[in-house]
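Structure record follows, encoded as structure tokens.
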């Protein structure tokens, strides 16, 4: 149980970074697409839903989360982790979106289980060189955030905020 709580807390900046872009879109409207509407081999590179406002806003929110954690709990982690974790989370999401477009999977349509794990895997990969973790924490992080993603998606679907429960 301790590993699950630690994993949740340690990777909270990635979870926040992943949650912020749709919230920004809901309140600020659609932003400017990262791919600028360009296509590769006849399909969008990422799609119109992957925006600069989401990337910058999500990264900033994740960085703020990390810096608050570091200040309040005196976490002994390099400051660079506070940037790499949220940025890695959102880059993991971009890689997954790129692959979805190649497979002609429409934006918003679930690609289980990668839609639920992309940001966690991105954060783990981005932080691995500076923050090597025991396998138990890596596994706990995947379990916690996979489960949390499913729960939040189901709630969002029930409230009419999300198009899919996955």
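Couple of notes before you dig in:
- Among residues of segment 140-166 that are at negative phi and in contact (Cβ under 8 Å) with a residue 40 or more places away in the chain, those with a Cβ under 8 angstrom from a residue that is surrounded by fewer than 14 Cβ atoms within 10 Å (Cβ to Cβ) and part of a helix (DSSP H, G or I), sequence gap 6+ or separate chain, pair up as 161/26.
- The set of residues in segment 126-166 being closer than 17 Å to residue 66 by Cβ and exposed (fewer than 15 other Cβ atoms within 10 Å of the Cβ) consists of 128, 129, 130.
- Those residues of segment 70-124 which are in contact with a strand residue (DSSP E or B) (Cβ under 9 Å, 6 or more places away or on another chain), part of a helix (DSSP H, G or I) and farther than 20 Å from residue 19 by Cα, in sequence order: 101, 102
Residue-wise test of (1) over 23 Å from residue 142 (Cβ atoms); (2) in contact with a strand residue (DSSP E or B) (Cβ under 8 Å, 6 or more places away or on another chain); (3) in contact (Cβ under 8 Å) with a residue 24 or more places away in the chain.
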{"residue": "35", "(1), (2), (3)": "yes, yes, no"}
{"residue": "42", "(1), (2), (3)": "yes, no, no"}
{"residue": "58", "(1), (2), (3)": "no, no, yes"}
{"residue": "67", "(1), (2), (3)": "yes, no, no"}
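- Under the condition of being out of contact with any helix residue (DSSP H, G or I) (no Cβ under 9 Å at 6 or more places or on another chain) and either under 16 Å from residue 10 (Cα atoms) or part of a loop (DSSP other than H, G, I, E, B) (or both), the residues counted in segment 148-166 number 2.
- Index of the failed condition, residue 53 passing every other in (1) closer than 28 Å to residue 129 by Cα; (2) touching a residue at least 40 places away in the same chain (Cβ under 8 Å); (3) surrounded by 15 or more Cβ atoms within 10 Å (Cβ to Cβ): (2)
- Residue count, segment 48-68 (criterion: touching a helix residue (DSSP H, G or I) at 6+ places or on another chain (Cβ under 7 Å) and assigned to a helix (DSSP H, G or I)): 12
- Within segment 25-43, the set of residues being surrounded by 16 or more Cβ atoms within 10 Å (Cβ to Cβ) and at pLDDT 95 or above comprises 33, 34, 35.
The values are calculated or read from the model by the stated rules, or taken from the named source; none is laboratory data. This structure is a prediction, so every number in the text was calculated from the model and none was measured. All Cβ positions, even for glycine, are placed from backbone atoms using ideal geometry, and neighbour counts span all protein chains on display.
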